[in-house]
Structure formats: C-alpha cells, structure tokens
Amino acid sequence: MSQPLHIDIPAVLKAKAPGAHIPAFVVRYLERITHVHQMNRFLAAHPDVTGYDFIRLILAEEFHCTASIHGTDNIPQDDAPMLFVSNHPLGGLDGVIEALMIGEHRRYNLRVIVNDLLMYMKPLAELFMPVNIGGGQSREYATQLRNMWDSGCDVLSFPAGACSRKQKTRRGLFAPKQIKDLEWKKSFVQQAVRYQRDVVPIYFDGRNSGWFYNLAYWRKRLGIKLNIEMLYLVDELYGASGKHFTVHVGKPIPWQTFDNTRTPAQWALWVKEQVYLIPAQNAQTNQTK
C-alpha cells in the first residue's frame, strides 16, 4: 500500500529555518493561506497519481483550469533536447500548465527548474529540478544540474526566478504600470550555449490579484527584503480556480544566436523582450494564413 502523501507546514518550517521558534498562531496562519488542509485532502484522495497524470487531474478536479495554446507549430518535433524559457506571471499554475503542454507536444521527458519549496509536492517531484532561491547552491546541486543537462531531457526555465510584478512602463509619478517579469538572469543564455540547446520562448498570459501586487509594491517601498508576497502564491493559485489561460509559443532561437556581439546579460534581456512580442507575432501569422 502507498505511503500517504501529506504536506506538513511545521516540518517545512523546521527544514527551512532550523532552530527558529515559530509561534503557533503563525503556523496556523501559514496553514490557512497555503490551503494545506485542502491540498492534503486532494493528495489523500489520489495517492498513486504522479507526474503528468497528476497535473491533468489537479487542473481538472482541484483548480478547474483550462488553457488555449497558440503557436504549437513552433514547438520542435525532433528529438534534440530544447530549453524552453517563459515569463512567470502566476508563480506556479503557469509552470504546471506549460509543463503539461511541453510534455504533450514533445517527449514527456522534461525537467522544470523550480523553487526548492515545490519539492514538497511529492507527486510532481519527478518533473522538478529544485533551486534554493534564498541561498547559495551546494556542490551536490551543481552535480545534479550538470547531470540534468547531460541527460538530454527538455528543460523549462523561468529566468526571472520569481513571479511577475506590477512595474512602471516609464518614469514619472503617474506613469502607467504593467504586469511584467523582473530582470531575467543570464544563466539560461550561458547554459544554452554550453549545452547547445535551442531556446523556445513562451509567453503566458495571466496575472495575480491586485492585492498581491500591492503587497509586493509596499513591501519594497518599506525596504523589507524578505519576499513576503511569496507566502501568498498558493492562495493566489486557489484564487485562479475556474479561469482559462492563453499560452503563446514563439519561434525557436538557435543557440548560435548568442554570440559575442552582446554579453549574456544583454542577450537575456533581448530574449525577454522577444517573449513579450510573441502574442502580436502569432496574431499576425494567423492573419496571413
């Protein structure tokens, strides 16, 4: 008989902050905003479902979410391993929807680079490559990362490393704001070149609640470095229940594109800019067909 699946918030806190005393009321509050009891009921009801089957099940039965995919012709059909990169508007749901999309159109051989906290979602752990966002990476992690690239699997990466925030489109007190990723880290460009991976850009059309963005804005204005809003991402996930999302896939970018005419950081910015152009490009392509 399978071992019952269970997410234990006190155990997670102990692992992430050993020796710290967390008051009981804080634990109860975290359990509420992470919907842990609701999630544990779902896990208990489906103890033997993992991987892509788990994604299909949780999207259909727990979150009742659907998605439309535009630009599927841009997803390569050969066996050459690809590096998929995407904006990150939601911080969770976008990742599982894109993972399922890639799996269904490719080889069901994918690893998604994620925050290591997501490894507590055991049914999906086989798809994840964890990164410790809040600290340095160990030598063991470097070995695991190298093995992932060498294995020939597809990789899905969110180069911003955090979900999108509301940002001004230009300077000025009353400048309009846009939901957009933070800076894209250059490492995906370096990895694309090192492992000769063509890059498939993806744009996910979605957003979190206004409350989430306001919290992130004021946390930053007050000089609080701790990413408090991250604690509410599961709550945002449940708040997205019943929604329909649109995913746009852009044309693959050959890894040879990333030459010495720009630095890796400049190429990362260039790819990010291309991602936000994909919906308009796909719409134009559809009009000419």
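Go through segment 195-251 and name the trypsin sites (Lys or Arg not before Pro) that are in a DSSP coil and have 13 or fewer other Cβ atoms within 10 Å of their Cβ.
Answer by residue number: Lys225.
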Among beta bridges that DSSP assigns inside segment 50-288, antiparallel share in %, nearest 5
30
Calculating mean projected area of the Cα convex hull in nm² from this structure picks out, from (i) 22.2; (ii) 17.9; (iii) 14.7, entry (ii)
Students often get this wrong, so check it: of Lys16/Lys225; Lys185/Lys225; Lys166/Lys225; Lys122/Lys272; Lys177/Lys272; Lys166/Lys272, which have C-alpha atoms separated by over 22 Å?
Lys122/Lys272
Counting only DSSP loop positions in segment 139-226, the chymotrypsin sites (Phe, Trp or Tyr not before Pro) whose Cβ has at most 14 other Cβ atoms within 10 Å are Phe174
If R0 is 35 Å, what FRET efficiency do you get for Ala24 and Thr143 from their C-beta distance, rounded to 0.05?
0.35
Shape call, segment 167-264: gyration tensor on alpha carbons, a/c limit 1.5:
prolate
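Where a number appears in this text, it was derived from the coordinates with a stated rule and is not lab data. Treat the numbers as computed from the prediction; the structure is a model and nothing was measured. Please note: Cβ atoms are built from the backbone with ideal geometry, for glycine as well, and neighbour counts cover all protein chains shown.
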